[in-house]
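Trainee: Pasting a structure here, questions to come.
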Number of protein chains: 4
Amino acid sequence: MSHTPDPERVCAAAALTSYWYKGASETYDALTEEEIGNILDKVMGYGHVSVIEHAKFTFSIEDVSRACTHQLVRHRVASYTQQSQRYVKVEELEPVIPPTVKSDPDALRLYNDAVENIKAVYSKLVDLGIPNEDARFILPNATRTNIVVTMNARELRHFFKFRCCERAQWEIREVANRMLDICKSVAPKIFKRAGPTCVCEGRCPEGDLSCGRIKVSSNGS
Amino acid sequence: MSHTPDPERVCAAAALTSYWYKGASETYDALTEEEIGNILDKVMGYGHVSVIEHAKFTFSIEDVSRACTHQLVRHRVASYTQQSQRYVKVEELEPVIPPTVKSDPDALRLYNDAVENIKAVYSKLVDLGIPNEDARFILPNATRTNIVVTMNARELRHFFKFRCCERAQWEIREVANRMLDICKSVAPKIFKRAGPTCVCEGRCPEGDLSCGRIKVSSNGS
Amino acid sequence: MSHTPDPERVCAAAALTSYWYKGASETYDALTEEEIGNILDKVMGYGHVSVIEHAKFTFSIEDVSRACTHQLVRHRVASYTQQSQRYVKVEELEPVIPPTVKSDPDALRLYNDAVENIKAVYSKLVDLGIPNEDARFILPNATRTNIVVTMNARELRHFFKFRCCERAQWEIREVANRMLDICKSVAPKIFKRAGPTCVCEGRCPEGDLSCGRIKVSSNGS
Amino acid sequence: MSHTPDPERVCAAAALTSYWYKGASETYDALTEEEIGNILDKVMGYGHVSVIEHAKFTFSIEDVSRACTHQLVRHRVASYTQQSQRYVKVEELEPVIPPTVKSDPDALRLYNDAVENIKAVYSKLVDLGIPNEDARFILPNATRTNIVVTMNARELRHFFKFRCCERAQWEIREVANRMLDICKSVAPKIFKRAGPTCVCEGRCPEGDLSCGRIKVSSNGS
């Protein structure tokens, strides 16, 4: 939806400030793309990742379940604005359907019937004078919602470690993978190694729950 | 559940550090209760509220709805550990019932029937082999959950401003009021003026949506 | 140095997400300037200031004292990259001079002589083989430094409350006022009421230390 | 100075909340020390380190240089209260002396003379009517200060990674090592693997700047 203009230039100019007596206002315009790449490689190689906090990305994440946004908002170094259920209309209650349900005709029928029933109950509760904010107690986790999220590149890389992992829940993994694609296209130097822990650190922290993509090694052993 | 031992002494000793050459290790034991009260009154009166961040409180909030915890976890300056729905058992699906529903027999019957239906569908989905984490998409916002929260006194006072307000949703207001009672009993000096904005600042920011407890005045006028 | 492109549009589209079933990707392009103004006025009037967190601003603050950056970095909801003193060269040790010193010839002479002496000692320590990072222990608070700061609009408004105040230290007040000017020119709707507490809230929290610009009222009385 | 009482019990009870339908208030008292150890090993082994955020530690760090506290306060997930230089008295200006200076008689003499000179200039500036807050511009980085810090166990472990490292500046490394000793004695299960990156992760991120304690491996290779 939006991001810091020329995010890699901003971060590289900030990084130079650490090491050089010149201010970032002077170096910002002077840096070549190649210099930007070299600076970012160097400082990020040393683990000085705080410089990439200056690059901010805003996403509009739409039509995901409340289950997904409940997980998403647990990442605290970010700003969120979410659709309120105080104002939701019943016509808009098309639910998110998990792939495991979609691919099983019996489960899908059960699921859809249950959702239709819930929608009917929700409407009747509102008709009986129950306020929206209380009637929504009956709405399922599957209810669609929209959320606007702003995160910096450092927190995004951290988010991708956990949420692009095969062990993450399918829906937030889908969201994370699409966010990663966007980040890679906008700031390829910053995100070139981003992804699940196995991609960005070459190790798997999941122990005996690992997906097996790489040989497991636990911390420090 | 737990809190910084003698939280007001810690905060007062920290406050003294600002103004005096002696370290807090020396003043910590020496302060009388009266001195602690005077120091806290003085620094908090000047709006230097960062000193009360040193007082931490941990709460175990149990049997609240997922709707409530979704609001709760939006307060980012805090630490949370929440019951995962990956491991929930259907027998434990006794839902939270809003008071407006409880007091209306027709609404209550509708609500309870809907919950029973959802529980049955959830069980059948699991029996069909749908993983728990996908079957739970059908579970309602009303599902009970437990969460452990640690916040500092400054953030708690900010939390109480919004969540003890009459305009807040009833469930989180109940939680906030019980947390406030606990805080007042443990740290009466820090929380003596805590509460909704009308109590702690003597003004109401809610404009034409105000509950009317105090005469409304908008910001800056 | 850099900021979220069209920051007010981003924040207004995010705000609409709360109240409307449409996602921000759809409303973002459709909003008129007038609608943006109305939305921001409304949500900020209700104190729902979290939406303006989506607007980020990056500043390169140059040639300020270490005393000033020590105060600045205390604002934690921000990202910083600062010039390291491990790499500073003595030739660049032109100090910041407080106006009270500048305007008093005796004080100025004392001050400049002391700085010259410190520079000489610093050089000799380095010549004796003392590492830069230890020799700098002798450098004064007045030493110039550069810092790159990224803050969101909500935190900036909070920062301006304290740091544009007459009671703030002169140097950080100068920095804050210049940052406020830039913010007002880039995002006039978001920052129209920004400034010290007396400007944005119509009250003074400084008690008997107030500058007297407005009649003092302490909290809640 | 202070810490969460029985911090490991709090964290283990919080961790259990994730996996079990019982609330933490019930499990808190029931857990044995052995169970606490097993729970913490398991969740921390999986990288679910957020549970240890519930354990908070408050330190009074005294007689360190302003250079040291400037580095310290850059760790943002913490609460700080620092001695203000607005109120410092010149008699208290005994500076911190780096070991490299202390062990070189020529350097030490230069250093001490420079400090004496600075103290004299500071006094004269104050006598001339320069406000303390401006006179302090001439004070060196070596000036002693006190600071009270509260951090949670997760942030402490992160802090120790960087600041217990041989590459860290000597003074903050000393502070970090003493904090680590205290943490290990209070919460041995939480901090048993804490320390610099080479200790807690078995790898060194410092590249060609490594101290060589372990064989260097850069990220992901």
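Trainee: Tally time: how many residues in segment B:1-27 are polar (S, T, N, Q) and assigned to a loop (DSSP other than H, G, I, E, B)?
Mentor: 1
Trainee: Only one residue in D:Ser18, D:Ser60 is crowded, with 16+ Cβ neighbours inside 10 Å, in contact with a strand residue (DSSP E or B) (Cβ under 9 Å, 6 or more places away or on another chain), within 13 Å of chain B (Cβ to nearest Cβ) and more than 19 Å from D:Phe159 (Cβ to Cβ). Which one?
Mentor: D:Ser18
Trainee: With respect to C:Ala135, is the statement that it is part of a helix (DSSP H, G or I), farther than 23 Å from D:Cys68 by Cβ, without any contact (Cβ under 8 Å) to a residue 60 or more places away in the chain and facing chain D (nearest Cβ under 10 Å) true?
Mentor: In short, no.
Trainee: Checking A:Cys165 against (1) in the same structural domain as A:Asp181 (by TED's automatic domain parsing); (2) in a helix (DSSP H, G or I), which single condition isn't satisfied?
Mentor: Result: A:Cys165 fails condition (2) only.
Trainee: Out of all the residues in segment B:21-54, which are under 19 Å from C:Pro205 (Cα atoms) and touching a strand residue (DSSP E or B) at 6+ places or on another chain (Cβ under 6 Å)?
Mentor: The initial filter retains those residues of segment B:21-54 that are under 19 Å from C:Pro205 (Cα atoms), namely B:38-52.
Answer for segment B:21-54, where residues must be under 19 Å from C:Pro205 (Cα atoms) and touching a strand residue (DSSP E or B) at 6+ places or on another chain (Cβ under 6 Å): just B:Val51.
Trainee: To continue, here is another question. May I ask you to list the residues in segment A:164-193 that are within 14 Å of chain B (Cβ to nearest Cβ), touching a residue at least 12 places away in the same chain (Cβ under 8 Å) and within 10 Å of the chain's Cα centre (by Cα)?
Mentor: Listed by number, the list holds a single entry, A:Ile172.
Trainee: For the condition facing chain B (nearest Cβ under 7 Å), out of contact with any strand residue (DSSP E or B) (no Cβ under 6 Å at 6 or more places or on another chain) and either within 28 Å of A:Thr100 (Cα to Cα) or buried (at least 18 other Cβ atoms within 10 Å of the Cβ) (or both), what is the one hit in A:Leu125, A:Leu156?
Mentor: Unique residue meeting the criteria: A:Leu125.
Trainee: Additional query: Hey, does segment B:138-155 have a residue that's assigned by TED's automatic domain parsing to the domain that holds B:Glu53, in contact with a Gly (Cβ under 8 Å, 6 or more places away or on another chain), charged (D, E, K, R) and in a helix (DSSP H, G or I)?
Mentor: no
Trainee: Right, next: Looking at segment C:8-31, I want the residues that are of a type in the set (Phe, Trp, Tyr) and have a partner that is assigned to a helix (DSSP H, G or I) and buried (at least 24 other Cβ atoms within 10 Å of the Cβ) with Cβ atoms under 6 Å, at least 6 apart or on another chain. Which pairs are those?
Mentor: Between residues of segment C:8-31 that are of a type in the set (Phe, Trp, Tyr) and residues that are assigned to a helix (DSSP H, G or I) and buried (at least 24 other Cβ atoms within 10 Å of the Cβ), the close pairs are C:Tyr28/C:Ala13.
Trainee: How about segment D:1-53: which of its residues are among the small types (Gly, Ala, Ser) and within 14 Å of B:Gln83 (Cα to Cα)?
Mentor: Hits for segment D:1-53 are D:Ala12, D:Ala13, D:Ala14, D:Ala15, D:Ser18, D:Gly23, D:Ala24, D:Ser25, D:Ser50.
Trainee: Restricting attention to segment A:31-55, which residues are within 13 Å of chain C (Cβ to nearest Cβ), more than 25 Å from D:Leu209 (Cα to Cα) and in a helix (DSSP H, G or I)?
Mentor: A:His54
Trainee: Counting only residues that are at pLDDT 85 or above and either closer than 23 Å to B:Ala135 by Cα or surrounded by fewer than 20 Cβ atoms within 10 Å (Cβ to Cβ) (or both), how many does segment A:80-98 have?
Mentor: Counting residues in segment A:80-98 that are at pLDDT 85 or above and either closer than 23 Å to B:Ala135 by Cα or surrounded by fewer than 20 Cβ atoms within 10 Å (Cβ to Cβ) (or both) gives 4.
Trainee: Of all residues in segment D:202-217, how many are touching a residue at least 24 places away in the same chain (Cβ under 8 Å) and either of a type in the set (Lys, Arg) or closer than 18 Å to D:Val49 by Cβ (or both)?
Mentor: 1
Trainee: Just one of (1) at pLDDT 80 or above; (2) crowded, with 16+ Cβ neighbours inside 10 Å trips up D:Asp41, so point out which.
Mentor: With respect to (1) at pLDDT 80 or above; (2) crowded, with 16+ Cβ neighbours inside 10 Å, D:Asp41 is out only on (2).
Trainee: Filter segment B:21-30 for residues that are more than 7 Å from chain D (Cβ to nearest Cβ) and surrounded by fewer than 20 Cβ atoms within 10 Å (Cβ to Cβ); which is nearest to D:Pro7 (Cα to Cα)?
Mentor: The initial filter retains those residues of segment B:21-30 that are more than 7 Å from chain D (Cβ to nearest Cβ), namely B:22, B:26-27, B:29-30.
So of that shortlist, the ones also surrounded by fewer than 20 Cβ atoms within 10 Å (Cβ to Cβ) come out as B:22, B:26, B:29-30.
Details: B:Lys22: 29, B:Glu26: 24, B:Asp29: 22, B:Ala30: 26 Å.
So, considering only residues that are more than 7 Å from chain D (Cβ to nearest Cβ) and surrounded by fewer than 20 Cβ atoms within 10 Å (Cβ to Cβ), the one nearest to D:Pro7 (Cα to Cα) is B:Asp29.
Trainee: Would you point out which residue out of D:Val73, D:Val49, D:Val10, D:Val77 is within 30 Å of A:His158 (Cα to Cα) and surrounded by 21 or more Cβ atoms within 10 Å (Cβ to Cβ)?
Mentor: Going through D:Val73, D:Val49, D:Val10, D:Val77 in turn, the sole match is D:Val10.
Trainee: Specify the residue that is farthest from the chain's Cα centre (by Cα); the eligible residues are those in segment B:67-83 that are part of a helix (DSSP H, G or I) and either among the polar types (S, T, N, Q) or at the interface with another protein chain (Cβ under 7 Å from one of its Cβ atoms) (or both).
Mentor: Per the stated criteria, the residue is B:Ala67.
The values are calculated or read from the model by the stated rules, or taken from the named source; none is laboratory data. Here the structure is a predicted model, which is why all the values come from computation and not from measurement. When we count neighbours, we look across all protein chains shown, and the Cβ atoms used for this are built from the backbone with ideal geometry, even at glycine.
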